[in-house]
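The structure appears right after this line, and notes come after that.
Nothing in this text is a laboratory measurement; each read-out follows from the coordinates by a stated rule. Bear in mind that the values here come from a model prediction, so they are computed numbers and not experimental data. Positions of Cβ are generated from backbone atoms using ideal geometry, with glycine treated the same way; all protein chains shown enter the neighbour counts.
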Amino acid sequence: MKKVLVMGAGQLARMMALAGAPLNIQVLAYDVNTNTVVHPVTQQKFALTLAEAVADADVVSSEFEHIPYPVQDVCEASGKFFPNSTAIKAGGDRRQEKQLLDAAGVANAGYRIVSTEAEFHAAIAALGLPLVLKSALAGYDGKGQWRLKHHEDAAAIWADIESFMQGANHALPQAIVAEQFVRFDREVSLVGARNAKGDTVVYPLTENHHVNGVLAVSLALPGRQELQQQAKQMFDAVAAKLDYVGVLALEFFQVGDKLLVNEIAPRVHNSGHWTQQGSDTCQFENHLRAVCGLPLGSTALVRPTLMVNILGEDYVDPAVLALPSCHLHWYGKGKRAGRKMGHINLSGETVAELAERFVVLSKLLPAQSFPEVADMAVKLAKSV
């Protein structure tokens with residue numbers, strides 16, 4: 001039996017544990033908030049310190065990038081931390097992320113690093129408006145982001161940013177990444193895996209729809225091969241630069257026939273949850289295969305599939321399970337507004353069949369809890 005210790009004890013570690021069981025891979029999780037070791041499915045606690053848990057594990061990995069640096073240091077010193085700390089830090093600090101993308105030669109939006117009001121105004125002058133302003137640290141799901149469209153709003157937005165930075169609750173100095181606003185056609189992502197030998201496999205490009213800055217729906221449909229190849233080249237460049245081992249996600253803006261990297265995620269990713277039903281080997285199993293030195297599994301799209309996030313709700317109509325090829329995945333969390341509580345995967349043998357089922361599914365999901373999902377279903381049906 002292989003033992004894998006995951007930094008973070010949320011739903012991604014839970015799904016890794018579920019995927020690892022058939023391979024006789026035991027997954028435990030280290031909760032960085034409580035400094036406890038738990039089983040991510042049963043929540044059983046283990047009387048182990050971080051150092052003891054790392055020593056007992058064959059492999060140490062991560063389910064998120066906001067890991068305190070001292071914890072990362074312990075993991076990295078073990079020589080069995082995959083992906084490595086360089087990758088985790090790049091995913092958790094947009095300054096390092098941008099430097100990585102530039103070093104890998106991967107196209108991304110023009111930017112400036114802003115720490116002072118003078119640098120803020122210099123960024124406006126250099127990049128022009130509109131601007132998207134993102135916190136370098138502690139930003140996720142639309143948090144720590146501002147959009148500046150008009151010069152007369154600059155003073156108020158800077159005051160808000162300055163207050164945000166002064167309230168930062170972490171050891172590293174906060175800053176803002178000011179980016180040129182990209183007028184994109186679609187938001188897409190690529191999830192893939194790389195092993196220690198440098199072999200890579202990638203899943204099909206996934207189209208993502210966000211509501212209020214949070215992922216609502218991901219669509220995995222047959223796509224354009226030239227875009228897939230472009231995304232694969234960018235994935236390989238970033239993964240090679242990091243000497244990456246594990247599953248890595250790249251989020252893109254599609255502008256015409258070109259892709260720009262928006263963000264990287266050095267872990268299994270929300271937009272890859274559809275792989276549980278739409279691929280022979282899901283992203284969670286492929287992550288474990290990569291970090292444990294097992295052969296990587298097929299990433300081919302076996303049937304059109306989509307995922308719908310369940311946010312802030314602990315109930316959906318059980319009638320959704322009467323839909324063919326519909327699967328419900330709960331995370332075992334307590335209900336809280338906006339919290340990722342679970343997801344629904346839905347498949348069809350053709351895009352038309354998937355679209356038809358999506359329309360039916362959307363009618364079973366209350367619009368208040370699943371805003372814009374019904375519109376997305378209608379749009380997909382009309383596109384077929």
In region 5-34, whose amide N lies under 12 Å from the spot 7 Å out along Cα-to-Cβ of VAL41? List them in ranges. 14-28
Shape call, region 112-260: gyration tensor on alpha carbons, a/c limit 1.5: prolate
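Based on Cβ point charges of +1 for Lys and Arg and -1 for Asp and Glu, what charge dipole magnitude is obtained for the chain about its Cα centre, in debye rounded to the nearest 20?
Values: 34 positive and 39 negative charges, 86 e Å.
For this selection, approximately 420 debye.
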Nearest 500 deg cm²/dmol is fine: what mean residue ellipticity at 222 nm does the chain get from its DSSP H runs of n ≥ 4 alone, each adding -39,500 (n - 2.57), divided by its residue count? -9500 deg cm²/dmol
DSSP loop (so not H, G, I, E, B), at most 13 other Cβ within 10 Å: list which chymotrypsin sites (Phe, Trp or Tyr not before Pro) in region 295-375 pass both filters. TYR315
Lys and Arg at +1, Asp and Glu at -1: add these up for the other residues within a Cβ distance under 10 Å of GLY246 and post the number. +3
Counting Lys and Arg as +1 and Asp and Glu as -1 over every other residue whose Cβ sits under 9 Å from the Cβ of VAL59, the net charge comes to +2
Hey, fewest Cβ within 10 Å first, where do SER85, SER369 land in order? SER369, SER85
Which FRET efficiency value, to the nearest 0.05, do you get for LEU294 and GLU353 by plugging their Cβ-Cβ distance into 1/(1 + (r/R0)^6) with R0 = 41 Å? 0.75
Once you have a ≥ b ≥ c as the square roots of the Cα gyration tensor eigenvalues for region 267-384, tell me rounded if a/c is under 1.5, and otherwise prolate or oblate according to whether a/b is larger than b/c. oblate
Measuring from its Cα centre, region 2-81 shows a charge dipole (+1 at each Lys and Arg Cβ, -1 at each Asp and Glu Cβ) which, in debye to the nearest 20, is 280 debye
What does the net charge come to around GLN230 if you take all other residues with beta carbon closer than 9 Å to its beta carbon, with K and R at +1 and D and E at -1? 0
Taking the dipole about the Cα centre of region 2-81, with the C-beta of Lys and Arg at +1 and of Asp and Glu at -1, give me whichever of VAL6, ASN24, VAL71 is farthest to the positive side. ASN24
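Quick one: VAL214, VAL114, fewest Cβ neighbours within 10 Å first, how do they rank? Before the final figure, lay out the partial values.
Details: VAL214 16, VAL114 23.
Lowest count first: VAL214, VAL114.
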Within the chain, excluding any trypsin sites (Lys or Arg not before Pro) found in a DSSP loop (not H, G, I, E or B) and having at most 10 other Cβ atoms within 10 Å, the longest uninterrupted segment runs 1-182
Dipole check, the chain, charges on Cβ (K,R +1; D,E -1), about Cα centroid: among SER85, VAL291, LEU129 the Cα furthest to the positive pole belongs to VAL291
